[in-house]
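Here is the structure we will look at.
Nothing in this text is a laboratory measurement; each read-out follows from the coordinates by a stated rule. Please read these numbers as outputs of a predicted model, since none were measured by experiment. Positions of Cβ are backbone-derived with ideal geometry, glycine not excepted, and every protein chain shown enters the neighbour counts.
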Amino acid sequence: MTDGDDGLLESTVSPYQEVLDALSSLITKRSRGDKSNKRVLFDVLFDYLKMLDLDEPISKMKIIHVAGTKGKGSTCTFTESILRNCGFRTGLFTSPHLIDVRERFRLDGVEICEEKFLAYFWWCWDRLKEKTDEDVPMPTFFHFIALLAFKIFAAEQVDVVILEVGLGGRLDATNVVQEPIVCGITSLGYDHMEILGHTLGEIAGEKAGIFKRGVPAFTVPQPEEAMCVLEAKASQLDVPLQVIPPMDASLLNGLKLGLEGEHQYLNAGLAIALCSTWLQRTSHLEINYLEQTSSLPEQFIKGLTTASLQGRAQIVPDRCINIESPGDLVFYLDGAHSPESMEICARWFSLAIKEDDQQPTLNYQPQDDVGSSRELVQKDYHGTSRKNTTQILLFNCMSVRDPHLLLPHLMNTCASHGVHFKQALFVPNISVYNRVGSHALPLTDLQVDLSWQLTLQRLWESLIHGGDAKNIDTREEGKDDTEKSVISCENSTVFPSLPLAIKWLRDSVRQNQSVRFQVLVTGSLHLVGDVLRLVKK
């Protein structure tokens, strides 16, 4: 290859890809469960703030800080939507992203544009590269993006910053904030126990680490063990802590919350309390609303009913099959990955497919081009409504999760609603944890380790056979080299890659013209993001 060719190759890497490569270099090789030096890493954040001259800008920000096990993203989304509809310029920082890292940084409800992202990224990167050394090395991935969020929101001069804790609370990068306006703790449960502790009390203690002296905090009804810890921490810091009940649906004047599922009324109630307190404490009393009485301000109703969040109770018809019949393969996406959220997800899926089978207007919510998608589905409804439906599960979870808690919750809750999966498909994620973006990842990797997916498959077959997994017949199949690692059982299949699983689904739809396939995608937000990336291409 000549030098000229080399130069040509180099020039094909876009400026945005350069940023993703730089970000990827910050992802540490340590596992998430590694507790070593967590406190040291957290303390170093304050050095980074000085390097980036962010101390003063952060002290002036009017911040809402939210921690919790379940519902953080939804609560932050409702909160942002309410305050944006009240006329404020909003900055929202959430995690993880599903398709593009820019989703984590939202200005006025929209992910930051590429041009601004590149400018702020290199501003932070260049200063940190110049000022860090062996004693204070470059920050880790999540620490860097939290710092970047503060830089973006300071430079964009937002009126309110809504921060979703990444993991835990006490030692999370977002907890460099010393004086938030108000704090919220969403529902607590067992998750990330390898890091946060093995009891609800320990987990609650980590989440309550975001409480700041005298700053009001709100939570939702919690298990007693967790509530006792939250109350004790609040008492130590003179934090006025209030428990907020689920929002009364009648306050929406006949409209529905923008996010699907009964549990969202809990998150909406918390968001209302956070917004009301923020308005009161920042002296915006013209839209003040503190007690849920008989009505909500119009801006609150609009915020709650128009909020949207990718990958949570999201319904997307596959447009790649046949543009005339998009209802033949529909993906129901929910990033549930704890036992409690798995139960909620199963309940949502069971009710959603029944609604979809009965109603002429199907509740499809692709985040882009919503109107045309709905139109296509409505146009074809009369053709698809008479078809038989088949439910398929597309599943993966991280190996730090306990599938013995997740899969039975999912299966049993669906069964209690009369929903039984014809097949469960187990796949590795496309996203790898040491890369940001999937530009260079092959669609299939025949060397991929499927031992975890085979474990999930054995558990699934065991659950279906009433606990007896000894005599499960597994067979390798595949018509060509790319499909040689497809491992099938009676009720489940392991695919070596997600694209192969999607191909199998599309082929099945083409071969079964009289059947509508309803596919529940759950267990991992990474998997949900991967599916969205493939289906929306």
Loop GluC sites (Glu not before Pro), the range 125-175, which have at most 10 other Cβ atoms in a 10 Å radius of their Cβ (DSSP): 134
Take the residue pairs 151/302; 387/503; 38/116 and return only those whose Cα atoms are more than 26 Å apart. 151/302; 38/116
Compute the distribution of all C-alpha to C-alpha distances in the range 96-174, in bins of 10 Å from 0, and list the percent of pairs in each, rounded to whole numbers. 16, 50, 31, 4
Could you order peptides 246-255, 202-211, 43-52 by the average number of other Cβ atoms within 10 Å of their residues, highest first? 202-211, 43-52, 246-255
What ranking do 307-317, 346-356 get when scored by the average of other Cβ atoms within 10 Å per residue, highest first? 307-317, 346-356
Place a point 7 Å from the Cα of residue 202 along the Cα-to-Cβ direction; which residues of the range 136-166 have their backbone N under 20 Å from it? 166
